[in-house]
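Undergrad: What follows is a structure written as structure tokens; I'll ask about it next.
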Amino acid sequence: MPWCLIDGKNVEFSDGATIIEAAGSAGIFIPHFCYHPGLGAPAQCRMCVVEVEGRTKLQTACSTPACEGMIVKTGSERVKQVQKSTMEFLLINHPLDCAICDKSGECMLQDNSYHYGDATMRTVEERRTYADLEMGPVIKKNMNRCIHCTRCIRFGEKVAGIAEMAAFGRGGSTEIATLDGAELKTPYAGNYSDICPTGALTLKDFRFKKRSWLLTKTAAVCEGCSRGCAIEVHHADGVVYRQVARENLRINRYWICDEGRFLYRYLGDPERVRQPLVSGNISDWVSAAGVAREMFNGGRVMVLAGEDLTLEEAKELLDFVRPAGAGIFRFGTPQVCAARDDGDEDMILRRKSKTSNLHGLQQLGISAFDGRPSGTVLVVRGGRAVIPDLGGCKVIGAGVFQGGETTDFEAVLPGRAFLEKGGSIVNCDGIEQRGVSVVPGPAEAKGLGDILRLLGRGGD
Ligand code: SF4
Ligand code: SF4
Ligand code: FES
């Protein structure tokens, strides 16, 4: 592997790597704004300048290829002076309102200003001001905070496949906007907020609900479709406040779709069944489990396993069901009965299967539901699989349900959702990933193992 010297450290790099990438691989941070590994480097903000021995001018680390034997300084006096000037320039029009900005605490402008900027500004002119603007249901724009890094423009062009953002005007009048002020159309709009290095583009769903430093951030996997994108869940006091994309170059690179981003809302849905039910009425575990047990052990039973269950749960269910002689089938997304039906829904990430573990349950040999239920049916669900028509059957529900779904159920035994229990799922490419329990879930919900024990002949 070729090598170079960055700040006196011997750094090996892959062919084609830029200085910022080579430095990053060795743990050396070079401040930047416009560069993003998924969006390229227009070398526009000039924040990443470094000194390269033998070159008269400072170089932009994001766009300059690393070369064998190159000697780079990232923190020389010359570099520091330019970083200060760059920060001063970027802040000419930026309001001094971090305290009331939703990005505060996770803002690249704030961080770079603190570490590389100057404590004083020389400008006395009025800053330009714009009113906040709704850009559709997902994003709110505050143009006062924009530094014209063009990340959002490039995201539309290079990732979302819709060039919906552009820079209008010139110099200090440059404004980032959509054509004719149209709403953002991409179903991946939440990524605009993830990539905007400032508080210019923020998530309407999250704005002012929690300060970023009060959130615990846990790595997780999205359960919105069979892609299984890497996400980071931001939560506090057992409540999920938002989900953002987490880098996974094999699966979702740096992005997630809006459907997956906002999926967590069902955890806190007021309609969610949080207590055991008998014939639609709130009950207790002893009574509801008693009713369910009597039904389960009273004759032929069909078990329907949601393709939103984890591998561990599906195995547990198989071990429970097979000795009892019940038939078990899986269900998930209408019209997507098997892995062969599960294709790309678009050219980016979204898949046709809207459950996370179709591929895992199929691998375990569980057949697809054939649409002919009768007698007693035990429906076990993680929260996302679409319940088939069970008209004429006596139904026991175990797992996560919303109130309207269980009106005709004889008994409901509330369980935990994916973010409340963790477990393994297999994505559309056969990649197995393990999620962890992020939040505890409703106090009365139980794990599937406990529910099955209550259902068993041994009883409670
Ligand atoms: S809105 Fe954000 S991402 Fe877009 S150019 Fe401005 S600062 Fe960059
Ligand atoms: S593409 Fe699928 S797995 Fe990825 S974020 Fe969207 S719903 Fe979740
Ligand atoms: S990050 Fe290199 S010029 Fe912006």
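Undergrad: Name the residues in the range 134-165 that are among the β-branched types (Val, Ile, Thr) and away from ligand 2 (no atom under 16 Å from the Cβ), would you?
TA: Ile139, Ile147, Thr150, Ile153, Ile162
Undergrad: Counting just the residues of the range 337-363 that are closer than 16 Å to Leu317 by Cβ and aliphatic (A, V, I, L, M), which one comes out nearest to ligand 3 (Cβ to nearest atom)?
TA: Checking each candidate, the answer is Leu358.
Undergrad: Something else now. Only residues that are surrounded by 15 or more Cβ atoms within 10 Å (Cβ to Cβ) and not charged (D, E, K, R): list them for the range 414-430, please.
TA: Passing the criteria: Pro414, Gly415, Ala417, Phe418, Leu419, Gly422, Gly423, Ser424, Ile425, Val426, Asn427, Cys428.
Undergrad: Now for a separate question. Is it fair to say Gly404 is assigned by TED's automatic domain parsing to the domain that holds Gly290 and assigned to a loop (DSSP other than H, G, I, E, B)?
TA: Considered against the rule, which asks whether it is assigned by TED's automatic domain parsing to the domain that holds Gly290 and assigned to a loop (DSSP other than H, G, I, E, B), Gly404 comes out as no.
Undergrad: Could you check the range 431-445 and list, in sequence order, the residues that are surrounded by fewer than 21 Cβ atoms within 10 Å (Cβ to Cβ) and not in a loop (DSSP other than H, G, I, E, B)?
TA: Glu432, Gln433, Arg434
Undergrad: Assuming Asp205 fulfils every condition listed in (1) away from ligand 2 (no atom under 14 Å from the Cβ); (2) of a type in the set (Asp, Glu); (3) surrounded by 24 or more Cβ atoms within 10 Å (Cβ to Cβ) apart from one, which condition is it?
TA: Exception for Asp205: condition (3).
Listed here are the residues, each with its yes/no results for (1) in the same structural domain as Ser193 (by TED's automatic domain parsing); (2) within 13 Å of Pro197 (Cα to Cα); (3) more than 25 Å from the chain's Cα centre (by Cα).
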residue	(1), (2), (3)
Glu106	no, yes, no
Asn112	no, yes, yes
His115	no, no, yes
Thr120	no, no, yes
Asp132	yes, no, yes
Met135	yes, no, no
Val138	yes, no, no
His148	yes, yes, yes
Glu157	yes, no, no
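Undergrad: Take residues that are among the β-branched types (Val, Ile, Thr) and tell me which of the strands (runs of 3 or more DSSP E) falling wholly in the range 1-59 contain 2 or more.
TA: 49-52
Undergrad: Name the one entry in Ile195, Ile176 that is under 24 Å from Cys98 (Cα atoms), surrounded by fewer than 23 Cβ atoms within 10 Å (Cβ to Cβ), near ligand 1 (Cβ under 8 Å from one of its atoms) and under 24 Å from the mean Cα position of the chain (by Cα).
TA: Unique residue meeting the criteria: Ile195.
Undergrad: Of the conditions (1) of a type in the set (Lys, Arg); (2) assigned to a loop (DSSP other than H, G, I, E, B); (3) exposed (fewer than 15 other Cβ atoms within 10 Å of the Cβ), Arg78 satisfies every one except a single condition; which number is it?
TA: (2)
Undergrad: Here's something else I'd like to know. Please find, within the range 256-304, the residue that is surrounded by the most Cβ atoms within 10 Å (Cβ to Cβ) out of those that are in contact with a strand residue (DSSP E or B) (Cβ under 8 Å, 6 or more places away or on another chain) and among the charged types (D, E, K, R).
TA: Arg261
Undergrad: Let me ask you something else. Could you check the range 44-72 and list, in sequence order, the residues that are within 17 Å of Thr86 (Cβ to Cβ) and either more than 16 Å from ligand 1 (Cβ to nearest atom) or surrounded by fewer than 20 Cβ atoms within 10 Å (Cβ to Cβ) (or both)?
TA: Gln44, Arg46, Val49, Val50, Glu51, Lys57, Leu58, Gln59, Thr60, Ala61, Ser63, Thr64
Undergrad: Residue by residue through the range 323-368, note down the ones that are under 24 Å from the mean Cα position of the chain (by Cα), surrounded by fewer than 23 Cβ atoms within 10 Å (Cβ to Cβ) and small (Gly, Ala, Ser).
TA: Result: Ala339, Gly343.
Undergrad: Quick check on my filter: what residues within the range 133-178 are farther than 28 Å from Phe89 by Cβ, aliphatic (A, V, I, L, M) and either assigned to a loop (DSSP other than H, G, I, E, B) or at pLDDT below 95 (or both)?
TA: Val138, Ile162 - these are the residues of the range 133-178 that are farther than 28 Å from Phe89 by Cβ, aliphatic (A, V, I, L, M) and either assigned to a loop (DSSP other than H, G, I, E, B) or at pLDDT below 95 (or both).
The values are calculated or read from the model by the stated rules, or taken from the named source; none is laboratory data. Not measured: the values here are computed from a predicted model. All Cβ positions, glycine included, derive from the backbone under ideal geometry; neighbour counts span all protein chains shown.
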